[in-house]
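*Asks:* Take a look at the following structure, please.
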Amino acid sequence: MIPRKAPEAQAVAIRHVAIIMDGNGRWAKARHLPRVVGHQRGVEAVRRLTKAAREMGLEALTLYAFSTENWSRPEDEVTALMGLLKRFIQADLEEFCANNVRLKIIGDYRALPADVVAMLGDALARTAGNTGTTLVVALNYGAQDEIARAAAAAAAKGAVTVESIAAELDTADLPPLDLLIRTSGEVRLSNFLLWQAAYAEMWFTDVLWPDFTPEHLAEALAAFDARERRYGGR
Ligand code: FPP
């Protein structure tokens, strides 16, 4: 269990953290291992951070697992990522249910292979009633695509406003994004949660995703606690 201030002792309650999990390939390359081994170790990091988020009392942890751009990776890498995703959900579904974790997908996941779509559909249904931490996995996700879909849905209902678009985003039922983390030293958003990041704090680290630990998350949350958020005011 990671030491963490009780919510009432935090400067601002942190409800929703998102992570751009980057650096699996470089982690593997540095060890002269195939890229897929980096992704396998990345899944282990997903597992320990999901547990940490739950223990720290976060309402939502959103992970960028597969972007709309990731389809352009070599076919064997895409296949390996789909296999890892499937095995992760299959292996951890009981754990989610036992710990009141709700699974949610953002992005158009129905474009994934049929067996993955079926397995995700089952996992979503089985965890839908859970009321603890929501583990949000971004799959075939791109923020520009999400915003365009939300704007079209808002327009079809008659009014295009900030509020009506926000109500149609894939994240509409989640708390506002508080903190966005990116690992591996890259400092860009890569089409992830562009709308939701409007007032989020950002935390960038050189740590590669397979090496990311709950202690790093606690460090990011402590940095968040120390910052004063002004939302454009003074
Ligand atoms: C970035 O590393 C990582 C990805 C594109 C995929 C992230 C996927 C996982 C952590 C595993 C599957 C996820 C789940 C939820 C089971 P990269 O390959 O771009 O690394 P590099 O920039 O060092 O090459």
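Read-outs: derived from the displayed coordinates by stated rules, not from any lab. Fair warning: this is a prediction, and the values are worked out from it, not measured in the lab. Quick reminder, even Gly has a Cβ in these numbers, built from the backbone with ideal geometry, and neighbours come from all protein chains shown.
*Asks:* Given the convex hull of the Cα atoms of the range 157-234, what is a quarter of its surface area in nm²?
*Replies:* 6.8
*Asks:* For the chain, set up a Gaussian network in which alpha carbons nearer than 10 Å are linked by springs, and say which option among Gly121, Gly38, Gly158 fluctuates the most.
*Replies:* Fluctuation is largest for Gly158.
*Asks:* I've got another one for you. Let me spell out the model: positive unit charges on the Cβ of Lys and Arg, negative unit charges on the Cβ of Asp and Glu, origin at the Cα centre of the range 80-234. What dipole size does that give, in debye rounded to 20? Please list the in-between numbers first.
*Replies:* Working: 14 positive and 21 negative charges, 82 e Å.
Dipole about the Cα centre, nearest 20: 400 debye.
*Asks:* Alpha carbons only, please: Rg and Dmax for the range 108-159, in angstrom.
*Replies:* Answer for the range 108-159, Rg first and Dmax second: 14.0, 38 Å.
*Asks:* May I pose another question? List the trypsin sites (Lys or Arg not before Pro) in the range 147-195 that DSSP assigns to loop (not H, G, I, E or B) and whose Cβ has at most 13 other Cβ atoms within 10 Å. Which are they?
*Replies:* Arg188
*Asks:* Extension gain Glu219-Arg126, at 0.36 nm per residue separation less the Cα-Cα distance, in nm?
*Replies:* Going from the current span to full extension adds 30.2 nm.
*Asks:* Find which of Gly132, Gly107, Ala159 sits farthest along the positive direction of the dipole of the range 47-183, computed with +1 on the beta-carbon of Lys and Arg, -1 on that of Asp and Glu, about the Cα centre.
*Replies:* About the Cα centre, the residue reaching furthest to the positive side is Gly132.
*Asks:* Further, regarding this structure: Provide the convex hull volume over Cα atoms per residue for the range 10-75, in Å³. Before the final figure, lay out each step's value.
*Replies:* On the way: hull volume 7.4 nm³, N = 66.
Convex hull of Cα atoms, per residue: 111 Å³.
*Asks:* Please quote Rg/Rh for the chain to two decimal places, taking the Kirkwood radius as Rh and restricting both calculations to Cα atoms. Walk me through the numbers on the way to the answer.
*Replies:* Numbers: Rg = 17.5 Å, Rh = 18.4 Å.
Computed over Cα atoms, the ratio is 0.95.
*Asks:* Only sites in a loop by DSSP and with at most 15 other Cβ atoms within 10 Å count here; which GluC sites (Glu not before Pro) in the range 135-234 make the cut?
*Replies:* Glu186, Glu228
*Asks:* If you don't mind, another one. Give the Debye-formula value of log10 I(q)/I(0) at each listed q (0.13, 0.16 Å⁻¹), with one equal scatterer per alpha carbon of the range 1-123, two decimals each.
*Replies:* -0.61, -0.89
*Asks:* Note the direction-averaged projected area, equal to a quarter of the hull surface, for the Cα convex hull of the range 66-120, in nm².
*Replies:* Its average projected convex-hull area is 3.9 nm².
*Asks:* Which order results if His16, His32, His216 are arranged by neighbouring Cβ count within 10 Å, fewest first?
*Replies:* Placing the least packed residue first, the sequence is His32, His216, His16.
*Asks:* Now for a different question. Could you let me know the centre-to-centre spacing of the range 104-126 and the range 131-181, using Cα atoms, in angstrom?
*Replies:* 18
*Asks:* Turning to a different aspect of this structure: For a footprinting-style exposure proxy, rank Val116, Val162 by other Cβ within 10 Å, fewest first. Before the final figure, lay out each step's value.
*Replies:* On the way: Val116 17, Val162 10.
So the ranking, lowest neighbour count to highest, is Val162, Val116.
*Asks:* Let me ask something else. Return, for the Cα atoms of the range 101-196, the radius of gyration and Dmax in Å, separated by a comma.
*Replies:* For the range 101-196, the Cα radius of gyration and maximum Cα-Cα distance read 14.6, 43 Å.
*Asks:* Further question: Multiply the residue separation of Ala197 and Glu44 by 0.36 nm, subtract the distance between their alpha-carbon atoms, and state the gained length in nm to one decimal. Mind dumping the intermediate values first?
*Replies:* On the way: separation 153, 0.36 × 153 = 55.08 nm, distance 2.63 nm.
Length gained, Ala197 through Glu44: 52.5 nm.
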